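Some notes on the structure that comes next.
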Amino acid sequence: MDILATVRLYIGEMVAQAGPQMKVLLMDKETTGIVSCAFAQSEMMHKEVYLFEKLDSPVPREQIKHLKCIVFVRPTQENITLLCQELRTPKYAQYFIFFSNIANKSDIKQLAEADEEEVVREVHEYFCDGIPLSKHLLSIGMRNPYDASFRLSTTSLLHIKQTIIALTLALKKKPTVCYQRTNEDCERLAGEVAQTMRREDGLYRNCKEDTMLLIVDRSEDCATPLLNQWTYEAMVHELLGIQNNRVTIDGQNLVLSELQDDFYEKNVSANFGEIGQNIKTLMEQFQSKTQIHKNVESIADMKSFVDEYPQFKKMSGTVSKHVSVVGELSRLVGTESLLEVSELEQSLVVDGDHSQCLDRIRVLLNNRKISNLNATRLVLLYALRFESNQSNDINGLINILKQREPAASSLVRSLLRFGGATRRKNELFGGQSAVEMTKRFIKGLKGVENVYTQHTPFLLQTIDAISRGKVNEQLYPKHASSEFVPRVDNIIIFMVGGATYQELFHVRAANERRLQSGGPAILLATTHMLNTKGFIEQLRAMGGGQ
């Protein structure tokens, strides 16, 4: 199940439907993200799409009557209203309208009535209603789907349901719908999806029945989004923040896409030590070919090398971009004492001694070199890990943290209410089988520290169980309105409340193992991609304070 290839195919078909001649692509906020992650702008220009516009732009668009217009938007009421306004005073010669999801017949009728000049040539439904961040990952880009009661808001539930329906139709799958029994939102969402599938049975007529859709909630594992990460993609998102495959360093916008960047594709799952070593190896190969001899032993040496030899930048394509990224990561690892923080995280989430963990957290909270974010993450992890320990000193740590984070008390309260022991039903801290962290020492590059901390998210247990055909039907039952599929060759996991790149790392690994040993293909879909900062802001929005 390659969702990126599927979306590229559909967008390519949209453009082809409009035929030859110069074209403008008219999008909304959501579909702009979809197109930008599926195609580079240069690729679209090769397809004669030279202008990209927003349907809801406050800036008046110029009338260009010789252009054809491809409209690609979600079929929301707001977009239908804007499209009707567009068609009453058309700015382009012809319109080819593509909705990213199922459109209501009444909406189509409104558009027909507004098209007084008969400029609309075609109207289609192309099921691309989520952002394809990679082959195995789809995101809605919905930053906080919950309301103040820690439940899915009505608008969020509707949007998620629509995205899931579009995803199954895009992949031509009619799945059996399972859900996390311990979460009411998951059950409600599963019911909405199952009922929509029954109602739209005609759309599923030619779909394969070989897939399981599993709907889970972030509250089952709040530890993973609170941990520092040490694989390349996850680390970049944790420390720099990735937005629709783009990251900003020193004001420069860099694209990190497996589709457009061969080096990134090969190293996306590499650990921090390996990525530095791989860049160094490419530089040594360049020196060998060009008879240049310059000692490259550190990240600083790398950056100097790229500046001095612009031909390397040309020859290596995008590698020099990664020198900048790794350089910034290395700087942050040092200035924020991330190795020391990660050591303590390891003790917290596995089987660390309570008194030792408590003492070490107290020391780090009073260390001004530790950032406010890392101080907050440690207290939240402690509260999550030792919530039920009668000797815990959660309140004492909160009082220390308040000097850095005034909302410390409400953040901890929100975390425990959202994903504490009384809400989740799994053994999140049940030892090696539930959460496992180990150290690996890798011979790498100076300046790229050799400690790699690997955390196994709770989701991996679920993936392994389903892959072996041993899914816990008590924890993940089939919805009563759904139908069984005879064989599970594919698994779509939708995580409400945000997924992490560490979880994607394990999905990738499972798909790679499948090539050798078989098993179902896995696709991860989610409301949005989390890092610690984003997760804390989500807690804050749900009631964690300002």
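The values are calculated or read from the model by the stated rules, or taken from the named source; none is laboratory data. Since we're looking at a predicted model, the values are computed, not measured. Counting neighbours? That spans all protein chains shown, and the Cβs are built from the backbone with ideal geometry, glycine included. The accessibility values were calculated without ligands, DNA or RNA, using every heavy atom of the protein model including side chains. Shrake-Rupley method; radii C 1.70, N 1.55, O 1.52, S 1.80 Å.
Observations on the structure shown:
- Only protein atoms count toward the accessible area here, which uses a 1.4 Å probe; on segment 187-286, the carbon and sulfur part of that area reaches 38 percent.
- For segment 12-159, the C-alpha radius of gyration divided by 2.2 N^0.38 Å, with N the number of residues, is 1.09.
- Counting only protein heavy atoms and a probe of 1.4 Å, the accessible surface of segment 72-144 is 46% carbon and sulfur.
- Backbone N atoms of segment 371-397 closer than 20 Å to the 7 Å Cα→Cβ label point of His354 belong to residues 378-397.
- Compared with the alpha-carbon gap, the fully stretched path from Leu332 to Arg143 is longer by 65.5 nm at 0.36 nm per residue.
- The calculated FRET efficiency for Ala112 paired with Thr281, based on their beta-carbon distance and R0 = 45 Å, is about 0.15.
- Using a Förster distance of 41 Å, the FRET efficiency for Arg181-Arg368 (Cβ separation, nearest 0.05): 0.35
- When the pairs Lys54/Lys321; Lys29/Lys172; Lys29/Lys321; Lys23/Lys65 are compared against a 21 Å limit on Cα-Cα distance, Lys54/Lys321; Lys29/Lys172; Lys29/Lys321 fall above it.
- Length released on extending from Cys84 to Gln252, taking residue separation times 0.36 nm less the Cα-Cα span: 56.7 nm
- The simple spin-label model puts a point 7 Å past each Cα toward its Cβ; for Glu473 and Glu427 those points are separated by 2.3 nm.
- Surface accessible to a 1.4 Å probe, per residue, for the residues of the chain, Å²: 42 Å²
- The alpha carbons of segment 223-299 give a radius of gyration and a Dmax of 14.7, 50 Å, in that order.
- Efficiency of FRET between Asn295 and Glu387 - r from beta-carbon atoms, R0 41 angstrom, step 0.05: 0.20
- Packing-based ranking, highest mean first, of 456-464, 226-234 given that Cβ atoms within 10 Å are counted: 226-234, 456-464
- Across the chain, the mean sequence separation of Cα contacts (distance under 8 Å, 6 or more residues apart), normalised by length, yields a relative contact order of 19 percent.
- Bridges between two residues of the chain, per DSSP, are antiparallel at a rate of about 25%.
- Tail weight of P(r) past 12 Å, computed on alpha-carbon pairs of segment 55-114, percent: 69 percent
- The 1.4 Å probe gives accessible areas that order Thr155, Thr281, Thr168, largest first, as Thr155, Thr281, Thr168.
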